[in-house]
Amino acid sequence: MKKILIAILSLLLAFDAMADEGMWLPVLINQRIKDMRAKGFKLKAEDVYSVNKACLKDAVVLFGSGCTGELVSADGLLFTNHHCGYGQIQRHSSVEHDYLKDGFWALNRSQELPNPGLTVSFLEYMKDVTDDVLMGYEPSMTEAQRDSVIRTNSHTLVAEAVKEGKGLRANVEALFYGNQYFLFVFRTFRDVRLVGAPPSSIGKFGGDTDNWMWPRHTGDFSIFRIYADKDNNPADYSEGNVPYHPKKFFTISRKGVKEGDFTFVYGCPGNTKEYVTSDEVEYTGNVSDPRKIALRTKRLDIMKKYMGMSQAVRIQYSSKAASVSNAWKKWQGEEKGIRRMHTVANKKAYQERFKEWAKGKRYDGLVEKLEALYSKRNPYYLAYEYYTETARSIELLGLASSVKRVIKNKKAKDATVEAFFKDYYQPIDEEIFVAMMKAFDSEMQDEFKPQFFKDKLKEYGSIEAWKKDLYAKSMFTSKEKLLSLTADDAKAVDEDPAYRLYEDFYNWYYNELRPQINDVNSDIRLAYRDYMQGQMEFEPQKQFYPDANLTLRIAYGNVKGYSPFDGAYYKPVSTLKGIIEKDNPDIFDYNIPQTLRDIYAEGGHDSQPVCFLATNHTTGGNSGSPVINADGNLIGINFDRVWEGTMSDIVYDPSVCRNISLDIRYLLFNIEYIGHASYLFDEMEFAD
Ligand code: ARG
Ligand code: GLU
């Protein structure tokens, strides 16, 4: 009896765990819509995804190569995150008009700024093409033959799908490790202009201090507009282009959110691995994350030390430090989360049950096989991770390789050199060199250390002496020398000690690590194809969603706070009052614009909402995604997760996994009070 009860209870728990977990394929919305409606959603399946009529999917785009954006007007107006438009805003900035610092607002359409290279892609449709992709495949074929069949068939499918031209592009993606294949057909627009962005002190408020954290008060948005040719088709930038008229755009709700409200995120999550074995999780949580965190702590400490000593260095390194610290902080949450969830032990227990079930089936021995493959791969993979986190983090070596690449093109070479030295502070680089090479020396297994590295240590006796000689002799520390280089100096570049070292490391990776890793990885992928199918047969009642791969997905849940640690509860909504509480002119991350102080002082804005938490299952790539309410209206823009929940790329915990969204009303507040660009409201549609 007790056993039965426990079984029923764990079944119930399993269902509960699935409550908000999942990144679902929109084309299969019919399988989810009942559950979504039970949780409060009021629209029908075809309002979310349809190929025959305009629906919400037609208002969502892949923004650039790794973010999401949403359409909010009949004239192609688009919202995304500030950190997604950051590169564009930065490129338009100069000393005379620093849009990063002061914000940018076009006061009419002629002031909108073009962004060469920036694209947005609408999903036209997605389709299960598994049968077409595998046409001609026989089980007796080798893997190489299978790959070749898949490649040929995919090529045909893609060619057929894009033959109309007009900005169409398509790709075939393997889902569930190659158990299913889907065709994705996009229409890509190439003229996307900057319309507005808040000052960084609003758009990046809280900076790295608050990144991945709650309570959050970041106004993380930027505004763009898509342009098309006269027939509404994609076109290269031209002054004659006109605003694009989308099939669909979001209506905005100003009603606001409260705990428990239904939320739905429609966007392009990048990368998850929910169905891996305990070996992969163990490697991530016990080896990879802690080691990479420790290496990055060293680098960040060095950067911060010098940034604290000089305002100029702080400006030079703030963006570099931000990118180092973003993953650094995420991994800390992931590592802790994996441990807290006992994911390794739980996966092991699951695998034991799986193994029992698999006996005599074609899945027999798979778990063991994966275990063997991981033990073969891990030492090589760890060496590769050390390579990327140590040798590749030395700026001097990076410059040497960039200059080498463009040495024949004087203009490109000079631009590379100028850009590099604008943000280079050699004492930081030298100290990082020493710290990283020391870590490489003391932490890498001896048999994995490359010969040239051992030789260098012998030659110099110490890493400090090696560093001294390298930075004294290399031409890459001198901007003047590099600017005077011509195409004829290619040989001198080749012989420079910094370039030599770059190449030695690269060749070691390329010849000794990469082939081994690729070999094992292809076996691992193959084993996962079976293991994935095995898991689906083993748990026929479970609803599986494919791992994220930057294709359009649906995640739904509800507005909800959480308890980050014992004795505390985080409410799900933050307000302008909190910004004023954090405001501090002496702390860069918390120094708000004076106008915001003045507006607040006038009164009446105490309860102005800024951000909110919800339980949607999201990941990197979901930045900029529309957050939609039960009526299908836009209530926010997704931009982050809380760090306690970042293990959701591997295992989702409904009690702490929360996505962080900008409340759309704070965006509207900024348009009105900070940008004085209320004319933009005229083209938006408001539900309430
Ligand atoms: N954590 C968010 C993401 O993964 C935001 C990153 C940008 N913000 C920052 N302070 N570094 O992309
Ligand atoms: N900021 C992340 C992005 O750029 C989203 C945060 C996450 O969920 O990983 O997509």
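With the alpha-carbon atoms of region 319-412 aligned to their principal axes, the span from lowest to highest coordinate is 66, 30, 20 Å, starting with the largest. Here is the size of region 275-362 from its Cα atoms: Rg then Dmax, 19.5, 68 Å. Per residue, the convex hull around the alpha carbon atoms of region 599-655 comes to 136 Å³.
My understanding is that a pair violates if its Cα-Cα distance is over 29 Å; which of Lys101/Lys467; Lys320/Lys473; Lys336/Lys560; Lys39/Lys542; Lys304/Lys438 do that in this structure? Lys101/Lys467, as the Cα separations exceed 29 Å there. Remark: region 174-187, residue by residue, has Karplus-estimated 3J(HN,Hα) of 7, 10, 6, 6, x, 7, 9, 10, 10, 9, 10, 10, 10, 10 Hz, where x stands for each Gly or Pro and the curve is 6.51 cos²θ - 1.76 cosθ + 1.60 at θ = phi - 60°.
Treating r as the C-beta distance of Arg362 and Ser655 and R0 as 35 Å, the FRET efficiency rounds to 0.40. When Rg and the Kirkwood Rh are both derived from Cα coordinates, the Rg/Rh ratio for region 156-263 amounts to 1.09. Going by accessible surface with a 1.4 Å probe and the largest first, Asp128, Asp663, Asp208 read Asp128, Asp208, Asp663. The share of accessible area on the chain that comes from carbon and sulfur is 53 percent, using a 1.4 angstrom probe.
For the chain, Cys55, Cys268, Cys611, Cys657 stand unpaired, since no other cysteine beta carbon lies under 4.7 Å from theirs. Our summary gives region 67-188 a relative contact order of 22 percent, counting only alpha carbon pairs under 8 angstrom and 6 or more residues apart. Our note on the geometry: Cα centres of region 423-491 and region 526-599, 40 Å apart. Modelled spin labels at His97 and Ala412, positioned 7 Å past Cα toward Cβ, are 3.0 nm from each other. Summarising the overall dimensions of region 479-542 from its C-alpha atoms, the Rg and Dmax are 23.3, 68 angstrom.
Rolling a 1.4 Å probe across the protein heavy atoms gives the chain an accessible surface of 44 Å² per residue. The helix-only estimate of mean residue ellipticity at 222 nm for the chain, built from DSSP H runs of length n ≥ 4 each weighted as -39500 (n - 2.57), is -13500 deg cm²/dmol after division by the residue total.
Residues in region 415-426 carry Karplus couplings, in order, of 5, 4, 5, 4, 4, 5, 6, 4, 10, 10, 10, 4 Hz; the curve used is 6.51 cos²θ - 1.76 cosθ + 1.60 with θ = phi - 60°, and Gly or Pro positions show x.
Annotation: aspartates and glutamates with alpha-carbon distance below 18 angstrom to Lys582 (same-chain offsets under eight excluded): Asp208, Asp210, Asp220, Asp598, Asp606.
Quick check: the distance between the Cα centres of region 603-645 and region 664-684, to the nearest angstrom? About 18 Å separates the Cα centre of region 603-645 from the one of region 664-684.
Taking every alpha-carbon pair under 8 Å whose residues sit at least 6 apart, the chain reaches a relative contact order of 24 percent.
Using bins of 5 Å that start at zero, the share of Cα-Cα pairs per bin across region 204-304 amounts to 2, 7, 8, 10, 13, 14, 12, 11, 11, 8, 3, 0, in whole %. Taking every alpha-carbon pair under 8 Å whose residues sit at least 6 apart, region 45-111 reaches a relative contact order of 14 percent. Full extension of the chain segment joining Phe452 with Met536 gains 25.4 nm, where the gain is 0.36 nm per residue of separation less the Cα-Cα distance. Can you give the FRET efficiency to the nearest 0.05 for Ser148 and Glu683, using r as the Cβ-Cβ distance and R₀ = 51 Å? Between Ser148 and Glu683 the formula returns 0.50. Ordering His92, Tyr569, Gln541 by the projection of their Cα atoms onto the charge dipole of the chain, which places +1 on the Cβ of Lys and Arg and -1 on the Cβ of Asp and Glu, puts Gln541 at the extreme positive end.
Extension gain for the segment Lys376 to Asp301, taken as residue separation times 0.36 nm less the Cα-Cα distance, is 23.6 nm to one decimal.
Sorted largest first by accessible area at a 1.4 angstrom probe radius, with every protein chain in place, the residues Lys258, Lys542, Lys410 fall in the order Lys258, Lys410, Lys542. Over the chain, the reciprocal of the mean inverse Cα-Cα separation, the Kirkwood hydrodynamic radius, stands at 27.4 Å.
Full extension of the chain between Thr595 and Lys404 gives 64.1 nm of extra length, using 0.36 nm per residue less the Cα-Cα distance.
Spin-label model, Glu512/Asp494: points 7 Å from Cα along the beta carbon direction are separated by 2.3 nm. Using a simple spin-label model with pseudo-atoms 7 Å out from Cα toward Cβ, Asn30 and Glu352 lie 4.2 nm apart.
With the Kirkwood sum run over all distinct C-alpha pairs, region 33-126 has a hydrodynamic radius of 15.8 Å.
The values are calculated or read from the model by the stated rules, or taken from the named source; none is laboratory data. Because the structure is a prediction, the values reported are computed rather than measured. FYI the Cβ positions are ideal-geometry reconstructions off the backbone, even for glycines, and counts take in every protein chain you see. Surface areas here come from the heavy atoms of the whole protein model, side chains and all, with no ligands, DNA or RNA. Shrake-Rupley method; radii C 1.70, N 1.55, O 1.52, S 1.80 Å.
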